[in-house]
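The structure under discussion appears below in the form of structure tokens.
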Amino acid sequence: MTAMKLSRKKIENFREFIFSWWGGNKRNLPWRHTHDSYKILVSEVMLQQTQVLRVIEKYREFIQRYPTIFDLAKAPAADVLRVWKGMGYNRRALYLKKAAQTVVSHYGGVFPESEKVLVKLPGLGTYTARAILVFAYKKDVACVDTNIRQIITHFFFHDKPQKPAVIHSVADELVPRGKAWEWHQALMDFGALAMPNAKCQMPNKKKKAIPFKESNRFYRGRIIDRLREGNLLESTIINEFQKKYGKSREFICGILTGLENDGLLARVAHGVIGLPKG
């Protein structure tokens, strides 16, 4: 499908509808009180696959511990992972630290105002790069997250899924010049609070999901939590998890290898493992 061109009237009516709704439904979120690109990045990384209410306190804790990008860049990875406890998806913490190190070493601690440069930072994709441009630098660009994609699909395509390029084309047309910051906050609040849960309305034809407690991510998280307490013999971890969860030695060793490959686990000495130091 080719890019969709909206009429001026349709754009203005939709903007008026969203802003009118937002006037009485704004959320008061801590990262909305800053234009510090570092703090914006922290909030955006934390919000990936994590509910807002869960993020609020962890965001405050993280910023209190690492108030500037320089504080995070020089922090030991093991300490960052300890502060990250309870957030899950621990690789996000390492990507955040690596991005901070890159910005400090290459750009003097100042985030570039270029999407092409931002997307090259560790862990940043198009959405996060554009979120920094919008929320830190108030650039007139569109950033499309899950909520915004759902809104556009619902109001302009009758809930029929579209290719990303089509959604982005519509999103670009909708951004009001000079009000990109307000527009995206309004859309995100509308998507989170007012949009119906599309998943409940659509038949689920997918294979039944594996229960979280049977997923690799569950065991990865439990091992990281154990190592947050201090270094341990690898054999201790294996024995503990065999007894507690009834998993085979091969399974647990595979989880440990995956964590090591992802940089979330380090071999400290002969047979001793712990969180990474760098």
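The table for this structure:
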| read-out | value |
| --- | --- |
| Of residues in region 1-25 being touching an Asp or Glu at 6+ places or on another chain (Cβ under 7 Å) and surrounded by 14 or more Cβ atoms within 10 Å (Cβ to Cβ), the one farthest from G109 (Cα to Cα) | L6 |
| Residue list for region 119-177, restricted to those being surrounded by 18 or more Cβ atoms within 10 Å (Cβ to Cβ), under 25 Å from S37 (Cα atoms) and of a type in the set (V, I, T) | T128, I132, V134, V144, I148, V175 |
| Matching residues, region 73-90, being farther than 18 Å from K39 by Cα and in contact with a Gly (Cβ under 9 Å, 6 or more places away or on another chain) | P76, A77, A78, G88, Y89, N90 |
| Residue list for region 51-102, restricted to those being over 15 Å from the mean Cα position of the chain (by Cα), crowded, with 17+ Cβ neighbours inside 10 Å and touching a residue at least 40 places away in the same chain (Cβ under 8 Å) | I69, A77, A78, L81, R82, A100 |
| Qualifying positions in region 119-151 - farther than 23 Å from V170 by Cβ and either among the aliphatic types (A, V, I, L, M) or not in a loop (DSSP other than H, G, I, E, B) (or both) | L121, L124, A136 |
| Every pair of residues 6+ apart whose Cβ atoms lie under 8 Å, when the first sits in region 236-260 and is within 24 Å of R91 (Cα to Cα) while the second is modelled with pLDDT of 85 or more and of a type in the set (G, A, S) | E260/A266 |
| Some residue of region 28-41 being surrounded by 14 or more Cβ atoms within 10 Å (Cβ to Cβ), out of contact with any strand residue (DSSP E or B) (no Cβ under 8 Å at 6 or more places or on another chain) and acidic (D, E) | yes |
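Condition check ((1) in a helix (DSSP H, G or I); (2) under 22 Å from T153 (Cα atoms)) across all residues:
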position: E12; (1), (2): yes, yes
position: R27; (1), (2): no, no
position: W31; (1), (2): yes, no
position: I40; (1), (2): yes, no
position: L53; (1), (2): yes, no
position: E57; (1), (2): yes, no
position: Q64; (1), (2): yes, no
position: P67; (1), (2): no, no
position: D71; (1), (2): yes, no
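The values are calculated or read from the model by the stated rules, or taken from the named source; none is laboratory data. Just so it is clear, the model here is predicted, and its values are computed rather than measured. Positions of Cβ are backbone-derived with ideal geometry, glycine not excepted, and every protein chain shown enters the neighbour counts.
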